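*Asks:* Mind looking over this structure? Questions follow.
The values are calculated or read from the model by the stated rules, or taken from the named source; none is laboratory data. None of the values given here were measured: they were computed from a predicted structure. Counting neighbours? That spans all protein chains shown, and the Cβs are built from the backbone with ideal geometry, glycine included. For accessibility, only protein heavy atoms count, side chains too; no ligands or nucleic acids. Shrake-Rupley method; radii C 1.70, N 1.55, O 1.52, S 1.80 Å.
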Amino acid sequence: MGTTLTGIGYYLPPKVLTNFDLEKMVDTSDDWITTRTGIKERRIADNENVTQMAYMASLEALESANIQPEDIDLIILATLTPELKFPSTACLLQAKLGAKRAYAFDISAACSGFIYGLELADAYIKSGKAKKILLVGAERLSEIVNWQDRSTCVLFGDGAGAVIISEGDGEVLSSKMLSDGELWEILYAPKCGYINMKGKELFKLAVRSMEEVCRYVLESAGISIEDVSIMIPHQANIRIMEALAEKLGMPKEKVYSNIHKYGNTSAASIPIAMYEAYKEGKLRRGDIVMLTAMGGGLTWGAMLLRF
């Protein structure tokens, strides 16, 4: 039996912040933001905290998988905006769901958090230590954005995505996760401060590093880029995604993007994109999907799986 995503869900706050709204807040324009990032709007949490967004996404994922919270063995929650210093947001989610059998923990790998969590979940399933896992990516990035910094405030949004991972007919074909803490100053947030980013350096590093890990997982699995049904990259910047696709020889129509609607939601980015690709019929059972991300820390990785 392989590792299979048996359920999927998401939650997006109803409040929308458009580029035109940002024009009234900082020295920027819709054209400037759209041209450089591909983002037109993003969702901003109002009354929702991270736990509540994770909870709503999890409920949909559980319903999608047709299981109950008490069926879950393990909860992994990827976030860089935890609810509290401790306990973990995963533990708060466990209590809110009533998933009394599950043990729970957070992981902090920034924008790579979801695929880091997916690799962990795959290992737990293959080892037999867990049979049903709830993996969540949830972020409230609006609380660590400096809304006076036009270079960063235009990029980020809030939301959550969740998947149920079980034994099944799916399979993780190959994965590779990497990190390099010496590069931390390119993208970081201090303990009680705002996101800091060196955009030009990050752009070059993101394209290069994701290309390398994508090529690695393809070679490791013995799969050509033509065999990949769809690539779902972390939604950081449309120009990064387009440059990566070009270097890999991946047709643009096979690269899923919803960045124009939600901006960069960090660890929630990939599961939200997977959810929408699935609902739109662009991600189907049996498809070979490539996931890839790079985030602050610095962490990056890629995974090939049979959905």
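*Asks:* What does the convex hull of the alpha-carbon atoms of the stretch 42-109 project to on average, in nm²? Don't skip to the answer; put the middle values down first.
*Replies:* On the way: hull surface 20.3 nm².
Dividing the Cα hull surface by four gives the mean projection, 5.1 nm².
*Asks:* Which three extents, in angstrom, do the Cα atoms of the stretch 107-167 have along their principal axes, listed largest first?
*Replies:* Over the stretch 107-167, Cα extents along the principal axes are 49, 15, 13 Å.
*Asks:* Enter the mean projected area of the convex hull around the alpha-carbon atoms of the chain, in nm², rounded to one decimal.
*Replies:* Here the figure is 14.3 nm², rounded to one decimal.
*Asks:* For a test of the definition: using alpha carbon positions, the gyration tensor, and the 1.5 limit on a/c, classify the stretch 79-235 as rounded, prolate or oblate.
*Replies:* It comes out oblate by the Cα gyration axes.
*Asks:* Can you pull the one-decimal nm distance between simple spin-label points at residue 188 and residue 32, each 7 Å off the Cα toward Cβ?
*Replies:* In this crude label model, residue 188 to residue 32 measures out at 2.7 nm.
*Asks:* Under a crude label model (7 Å from the Cα following the beta-carbon direction), how far is residue 252 from residue 227 in nanometres?
*Replies:* That separation, rounded to one decimal, is 2.8 nm.
*Asks:* Given 0.36 nm per residue, what is the gain on full extension from residue 85 to residue 25 after removing their alpha carbon distance, in nm? Provide the component values of the computation, followed by the final result.
*Replies:* On the way: separation 60, 0.36 × 60 = 21.60 nm, distance 3.05 nm.
This chain segment gains 18.5 nm when fully extended.
*Asks:* Cross-link list 40/254; 15/254; 200/254; 261/282; 40/176; 200/282: which exceed 23 angstrom alpha carbon to alpha carbon?
*Replies:* In this structure, 15/254; 200/254; 40/176; 200/282 lie more than 23 Å apart at Cα.
*Asks:* Sticking with this one: What list of ³J(HN,Hα) couplings, whole Hz, do you get for the stretch 220-237 from phi and the Karplus terms 6.51, -1.76, 1.60, once you set θ to phi - 60° and write x for glycine and proline?
*Replies:* Taking θ as phi minus 60°, the curve returns 5, 8, x, 10, 8, 4, 5, 7, 7, 6, 7, 10, 10, x, 4, 8, 9, 6 Hz for the stretch 220-237.
*Asks:* Restricting to the chain, what percent of DSSP beta bridges are antiparallel, rounded to 5?
*Replies:* Values: 39 of 55 bridges.
Among the beta bridges of the chain, antiparallel pairing accounts for roughly 70 percent.
*Asks:* Under the classification rounded if a/c is under 1.5, otherwise prolate if a/b is larger than b/c and oblate if not, where does the stretch 1-134 fall, given a ≥ b ≥ c as square roots of the Cα gyration tensor eigenvalues?
*Replies:* Verdict is prolate for the stretch 1-134.
*Asks:* Nothing charged except the Cβ atoms of Lys and Arg (+1) and of Asp and Glu (-1): what's the magnitude of the dipole of the chain about its Cα centre? Round to the nearest 20 debye.
*Replies:* 140
*Asks:* Another question, if that's okay. Considering only 5, 29, 39, whose Cα is most displaced toward the positive end of the charge dipole of the stretch 1-60, charges sitting on Cβ of Lys, Arg (+1) and Asp, Glu (-1)?
*Replies:* 5
*Asks:* Which of 136, 153, 174 sits farthest toward the positive end of the charge dipole of the stretch 133-213, with +1 on the Cβ of Lys and Arg and -1 on the Cβ of Asp and Glu?
*Replies:* 153
*Asks:* Residues of the stretch 181-259: accessible area per residue at 1.4 Å, in Å²? Could you put the intermediate results ahead of the total?
*Replies:* Working: 4310 Å² over 79 residues.
Result: 55 Å² of accessible area for each residue.
*Asks:* Which distance in Å, rounded to a whole number, links the C-alpha centroids of the stretch 48-112 and the stretch 1-45?
*Replies:* A separation of 22 Å, based on Cα centres.
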